[in-house]
Each structure stands twice: as structure tokens, then as C-alpha cells.
1. What helices (runs of 4 or more DSSP H) lie completely within segment B:103-220 and have 2 or more residues being farther than 21 Å from residue B:30 by Cβ, open to solvent by 50 Å² or more (accessible area, probe 1.4 Å) and of a type outside the set (A, V, I, L, M, F, W, C)?
2. Just wondering, is there one or more residues in segment A:152-168 that are touching a residue at least 24 places away in the same chain (Cβ under 8 Å), open to solvent by 40 Å² or more (accessible area, probe 1.4 Å), away from every other protein chain (no Cβ under 12 Å) and assigned to a loop (DSSP other than H, G, I, E, B)?
3. Quick check: anything in segment A:139-150 within 14 Å of chain B (Cβ to nearest Cβ) and open to solvent by 30 Å² or more (accessible area, probe 1.4 Å)?
4. Quick one: what pairs do we get from segment B:96-117, first residue within 14 Å of chain A (Cβ to nearest Cβ), second among the β-branched types (Val, Ile, Thr) and open to solvent by 90 Å² or more (accessible area, probe 1.4 Å), C-beta under 8 Å, 6+ apart or different chains?
5. Using the structure shown, decide if residue A:100 is over 29 Å from residue A:155 (Cα atoms), without any contact (Cβ under 8 Å) to a residue 40 or more places away in the chain, exposed (fewer than 13 other Cβ atoms within 10 Å of the Cβ) and of a type in the set (Asp, Glu).
6. Can you confirm whether segment B:329-337 contains a residue that is in a helix (DSSP H, G or I), open to solvent by less than 10 Å² (accessible area, probe 1.4 Å) and either in the same structural domain as residue B:305 (by the TED database) or touching a residue at least 60 places away in the same chain (Cβ under 8 Å) (or both)?
7. If the requirement is being within 30 Å of residue A:217 (Cα to Cα) and surrounded by 14 or more Cβ atoms within 10 Å (Cβ to Cβ), which of these qualifies: A:67, A:83?
8. Could you tell me whether segment B:155-164 includes any residue that is at pLDDT below 90 and away from chain A (no Cβ under 14 Å)?
Amino acid sequence: MQITRTQRALAHITLTVSILLIVFPVVFALVTSTHSFQESFSFPPKFHVGSHLLDNYRAAWERVHMGRLLFNSTLISVAVAAGKIVLSILAAFAFTYFGEFRGKATLFILILITHMLPLPIRIVPTFELVEDFGWMNTYYALTIPFFASATGTLLFRQFFLTVPNDLADAARMDGAGPMKFLWKVLVPLSKTNMLALFMIEFIYMWNQYLWPLIVTQSNDMRVVQIGLKMLLAGEEQAAEWNVIMAGTILAMLPPLIILLILQGSFVKGFAMRQEK
Amino acid sequence: MAEIRLEQVNKRFKKHWVVRDFTLTVADREFVVLVGPSGCGKSTTLRMIAGLEEVTSGEISIAGRVVNQVPPKDRDIAMVFQSYALYPHMNVYKNMAFGLMNRGVPKDEINQRVKRAAEILGISDLLHRRPAQLSGGQRQRVAMGRAIVRDPQAFLFDEPLSNLDAKLRVQMRAELAKLHERLQSTIVYVTHDQIEAMTLAHRIVVMKDGKIMQVGRPLEVYERPANRFVAGFIGSPSMNFLNVRIAREGEDLWVDGQSFRLKIPRHRASAYRDHVDREVIFGIRPEDIKERTRDDLPEGVEPLRAEVDVREPIGSEVIVTAAVGGHSFTARVSPSMQVRVHEPIDLAVNMNKMHLFEPETGTALNGD
């Protein structure tokens with residue numbers, strides 16, 4: 001079928017509009033973060049770049065100890081993403097390669113079901129548990145409850161199922177025990193999946209707000225999403241949107257950097273698969 | 001190098017018996033081929049020798065040591081898989097070195113052994129490539145290289161050539177034979193391809209439904225099949241089977257198919273005296289039915305007139321499917337012969353090469 005000029009133009013317009021829609025909030029945040037307090041309230045909104053960029057970012061940074069918050073968020077996001085990968089690879093390995101144990105299918109379905117329960121439903125029992133352990137206001141509380149991952153287990157299990165059985169047999173003949181097979185064969189083959197999961201889970205954890213809010217009390221244990229809320233200040237005061245937007249941009253940077261770093265190997269990983 | 005013994009080996013998956021009463025001794029340096037149709041248990045037998053499958057009952061020993069409870073890695077055998085099972089993320093060198101590294105062989109020696117194996121197989125210039133960058137034949141060589149570097153007591157091959165195209169298969173088959181000569185190792189080889197079995201094996205083990213049908217040298221299995229299954233499985237096109245009676249006329253015995261009669265040569269007839277007037281299955285290979293070119297036929301060769309149904313010229317000869325009465329059979333005739341469909345053809349049957357089988361059991365009647 002020939003693509004007509006009209007169709008082509010239509011496609012371009014649709015794509016351009018979608019991109020503008022997606023980019024607009026980011027650009028608006030970016031522009032606002034350069035305005036003065038007054039400018040950020042002007043109507044109609046101004047779209048020129050203002051002169052208060054440094055002031056706003058400094059204000060955002062200092063007012064809520066953004067450095068500490070970014071550090072905390074990065075630390076727990078990396079820890080959770082890594083923890084999820086390790087646990088779900090091990091779980092998927094057990095589900096795929098360790099023969100038939102009783103209730104295997106049921107157990108797998110149970111794991112999937114946990115995925116369907118959103119955090120707020122689990123939050124009370126988890127909170128009690130964490131409190132009993134004496135983990136309140138620690139990194140343990142911020143990370144360990146998130147380590148189990150149904151998504152990850154499913155992802156790796158589905159991938160392991162596509163790995164030919166002969167490969168496992170060959171490894172056995174080659175004298176590799178189960179863990180060696182996992183480490184030397186399955187893990188290297190799962191690189192792309194691991195990167196994908198890392199990206200998804202990093203951002204998931206980065207955006208957590210509710211759980212960190214209830215298990216941390218001191219300011220040095222807070223995370224960046226709470227910091228943004230703190231920038232909103234009290235009810236009686238007008239929100240300083242220029243500063244808040246500066247904070248938002250700051251909060252966006254680490255995931256963005258991770259995404260950019262991983263993107264390269266991600267694409268490479270997919271290209272590798274094409275070879276097969 | 002070592003002897004492999006299987007003693008009354010059985011294998012059951014759930015309620016299904018896959019291998020039954022398998023007893024075989026593979027001599028040191030012997031090349032034994034397990035052959036049979038899909039699902040006959042040949043691969044399972046091989047996997048039991050490898051230790052990849054547990055034995056339900058029976059005993060397997062390698063080099064005089066019972067290995068039933070020994071894990072695959074400690075059996076000192078190497079296996080080549082049908083899918084090659086190369087590690088996709090390792091280059092050729094690492095694929096071959098992996099087994100040695102796991103066994104703690106010193107680096108220098110690994111290097112030496114891999115280089116030597118690569119040389120034998122002609123893949124020295126591929127050592128840094130990944131499996132995805134190799135052709136089917138090259139992957140096959142790497143898979144063999146991975147086995148060779150181990151320098152094991154015995155090699156197990158699981159249909160190693162069936163993923164190759166026809167031309168490459170012939171080439172690799174020849175190379176395998178050469179390799180065995182060079183390595184002088186014990187080999188158990190599984191295939192469903194009877195040509196591979198015939199050309200490579202010292203001895204062939206024909207299997208069906210988990211049981212051994214016959215064990216013997218290739219020509220022995222071809223010339224003296226123990227039963228109808230082996231007779232039909234080995235040889236291509238496969239042997240003709242016709243339901244006949246044995247008739248007596250004076251001193252002579254005849255194969256009587258009602259619409260045709262073929263005299264059984266005197267030197268073979270004596271063995272069938274007990275079967276006179278009994279129903280039997282008459283087996284004759286297509287290559288033992290030729291065109292009849294002259295009137296006087298040599299001793300044991302009988303004339304047969306039939307009508308041509310199908311004619312398949314394959315260049316070197318013509319495969320003719322013909323019928324006489326209700327019996328249909330194939331013959332291999334010379335391309336110089338005029339063969340027309342639906343017209344009669346004069347054939348000569350070499351009765352010296354005939355086989356007779358018991359109708360119910362399919363067992364060969366001892367006529368030799």
C-alpha cells in the first residue's frame with residue numbers, strides 16, 4: 001500500500017502533537033525553575049527563560065537538604081533494584097530448573113497474586129513487621145520489604161524457559177554445578193533482562209512516597225519525593241513554584257542519568273538477540 | 001578409553017516404560033550406533049549412560065565402575081548434543097575450555113588442549129567467534145571440540161548430524177569416521193538415520209519401543225535381520241513384505257502368493273521343511289529384484305511377471321513399484337530398461353537373498 005502525502009502529513013502531525021504533550025510539563029517545569037517568585041505566578045504564564053535559575057536551585061537544595069535526600073533515594077533505589085534482581089533470578093531458577101516439587105504451580109500463582117496487591121493493602125502488616133524488627137527509620141525499612149518481586153520472578157522464569165534444556169545438560173556434562181550454571185551461563189544470558197528490570201525497578205523505587213514517609217522520622221532518612229512535598233511548605237503560605245520546580249528537576253536527574261547510561265547496553269542487548 | 005556395560009537397564013517415565021531390559025556391552029574403542037524410529041528410547045538410553053537421566057532399575061558401568069549413583073561430571077564421558085548446546089555468550093575458545101576450567105585444569109594445559117582440538121577439527125581461526133557467528137557445520141565442529149578437549153573415557157553422540165543439510169551431513173559423517181580412527185575412543189552414537197548407522201558403526205543396535213531388536217555388525221543386520229522390524233528399518237527403499245504360503249512340490253519348496261510362485265533355492269529350502277503349508281511373510285529387498293534380461297536364469301534366481309504401478313527414475317536406477325495379484329512391491333531396475341506404467345514387466349528375483357518371517361511375532365525363520 002502506498003502512503004499518500006496526506007497520510008504522511010497526518011502521521012507527522014500526530015507524532016509532533018504527542019511529543020509536545022509529553023514534553024510540555026517537563027519544559028514548563030524547566031522554564032518555571034528559572035523564574036522569580038513573582039514571575040512564576042504571572043498570568044498568562046511566561047515561557048521565556050528567567051534569570052533566577054541559580055537562586056532557585058540553591059534554595060531548593062538548601063531548604064530540604066536535597067543532597068542528602070538524593071543520596072538516600074539513589075541508595076535505596078539501587079539497593080532495591082539490585083535486591084529484586086538477585087532474589088527473582090534465584091526464585092526463577094528454582095522454579096525452572098529444580099524438577100517437580102509438590103505445589104510448584106500453586107506456589108508460582110501465589111507469587112503472582114502478591115503482585116496484584118498494591119502496597120497500601122500490605123502497608124499495615126508490613127509496617128508492624130518492620131517495627132517489630134526495630135528497623136524504623138533505617139535503610140533496612142526502606143529497602144528490604146521491597147526485595148521480593150513477582151514481576152522479576154515472572155520475567156526471569158519466562159526467559160529461562162526459552163533457554164534450551166540441552167544447555168543445562170551440557171553444563172552438567174561440563175562439570176558445572178547448579179550455581180555455576182546459573183552464574184556462568186544463565187546470568188550472562190540474562191543481561192538484557194537484568195538491565196530492563198533494573199531500570200523499571202529503580203524508577204519504581206525512586207517514585208515511592210507513602211512507605212518512606214511512614215517508616216522514616218528524621219530528616220536525614222527522608223527521600224527525595226518527601227523533600228519535594230516539604231518544599232510545598234505550609235497551608236498559609238503561597239507555594240513557591242519556581243523553587244518547587246527546581247527541586248523537581250533535581251529529583252528527575254538521577255533516573256535520567258541511569259536511563260541514559262543503560263540505554264546503550266540495552267540496545268546492544270537487543271541487537272545481540274537478533275543474531276541468534 | 002573404556003568399556004561401557006548396561007545390565008538389564010530399565011527406564012520408566014511416570015507409567016510409561018521408555019527403555020526395557022536393555023543389556024549391552026560396548027567394548028573398549030568400539031563405535032556402537034543406537035538406531036531406531038523416534039520414541040524408541042535410544043536417546044534416553046544415551047542420556048542414562050551420560051547420567052542425565054536416572055536409571056529406574058539395572059546397572060550401568062563405565063570402565064568397570066558402576067556409575068548409577070555417579071553424577072554426569074564424574075563419569076568421565078563427553079557428550080555431543082543434537083542442538084550442539086553451545087553457550088551463546090562465550091566464544092569458541094571458552095566454549096571448549098569451560099569443562100576444563102570447571103575441573104581445575106591448569107591454564108596452560110587448557111590452552112594447549114583447546115588449540116590441539118581446534119587444529120584437529122580445522123576451527124583454529126574461529127576461536128574468538130561466538131556461536132551466533134558460525135555456520136551449522138562450524139557449530140557442529142565446536143560441539144565436537146568441546147568433547148575432544150576433555151579427553152574422556154567415552155564419547156556420546158546424540159543425533160549430532162541431524163541439524164545439518166544433506167551435503168554437509170555426508171561430509172561430517174566421513175569426518176566423524178576419521179575422527180574415531182584418530183582418537184581410538186569408545187563411542188556410543190544415537191541416530192534415526194540408518195545410513196549413518198551403517199557407515200559409522202562397528203556394531204548397530206536396532207531399537208523399537210524401548211527394546212533391543214537386534215545387535216550386530218552393519219552387514220549382519222542388513223543381511224540377516226532378526227525380525228521383520230529390523231528388516232524393514234534397515235535398507236532403503238525398505239524391504240518388501242508379502243503374505244505367502246510355503247508350498248511343496250516334489251523335492252522343492254515354493255513361496256506361493258497365489259498369483260505368483262517362486263522356488264526356494266535348494267540350499268535354503270531344508271530349513272523351512274517344518275513350515276510347509278503354513279502362512280509366512282516373505283521378505284525380499286528391492287535391490288534383489290532386477291530386470292530380467294535373458295531367458296536362462298542362474299541358480300536361485302526366479303522369474304516374475306508383474307504390472308508397473310509407479311516408476312521413479314533416480315538416475316542411477318529406476319525404482320519401480322509393481323503389482324502381481326494383490327501384492328505390491330518395489331524393485332530397482334536398470335535405467336536402460338523400458339518401463340511403462342500399467343504395462344507388464346519381466347523381473348528376476350534373487351531368491352538366495354530372500355527372508356521369511358513368522359506372521360504373528362515377526363521373528364525371522366531360521367533359514368541360514
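The values are calculated or read from the model by the stated rules, or taken from the named source; none is laboratory data. Being a predicted model, the structure only gives us computed values, none of them experimental. Counting neighbours? That spans all protein chains shown, and the Cβs are built from the backbone with ideal geometry, glycine included. Protein only, heavy atoms only, side chains kept; ligands, DNA and RNA dropped before computing areas. Shrake-Rupley method; radii C 1.70, N 1.55, O 1.52, S 1.80 Å.
1. Working: elements: B:107-121, B:136-148, B:166-183, B:194-200.
Result: B:107-121, B:136-148, B:166-183.
2. Looking only at segment A:152-168, we keep the residues that are touching a residue at least 24 places away in the same chain (Cβ under 8 Å), and these are A:152-157, A:159-161, A:163, A:168.
Then drop every residue that is not open to solvent by 40 Å² or more (accessible area, probe 1.4 Å), which leaves A:154-155, A:157, A:161.
Narrowing further to those that are away from every other protein chain (no Cβ under 12 Å): A:154-155, A:157, A:161.
With the extra rule that they be assigned to a loop (DSSP other than H, G, I, E, B), the set shrinks to none.
Within segment A:152-168, not a single residue is touching a residue at least 24 places away in the same chain (Cβ under 8 Å), open to solvent by 40 Å² or more (accessible area, probe 1.4 Å), away from every other protein chain (no Cβ under 12 Å) and assigned to a loop (DSSP other than H, G, I, E, B).
3. First pass over segment A:139-150, keeping only residues within 14 Å of chain B (Cβ to nearest Cβ): none.
No: segment A:139-150 contains no residue that is within 14 Å of chain B (Cβ to nearest Cβ) and open to solvent by 30 Å² or more (accessible area, probe 1.4 Å).
4. From residues that are within 14 Å of chain A (Cβ to nearest Cβ), there are no pairs.
5. no
6. Taking segment B:329-337 as the starting set, the residues that turn out to be in a helix (DSSP H, G or I) are none.
The answer is no; no qualifying residue exists.
7. Details: A:67 fails: surrounded by 14 or more Cβ atoms within 10 Å (Cβ to Cβ).
Only one candidate passes the filter, namely A:83.
8. Taking segment B:155-164 first, the residues at pLDDT below 90 are B:162-164.
If we keep only those that are away from chain A (no Cβ under 14 Å) too, we end up with B:164.
Yes: segment B:155-164 contains one or more residues that are at pLDDT below 90 and away from chain A (no Cβ under 14 Å).
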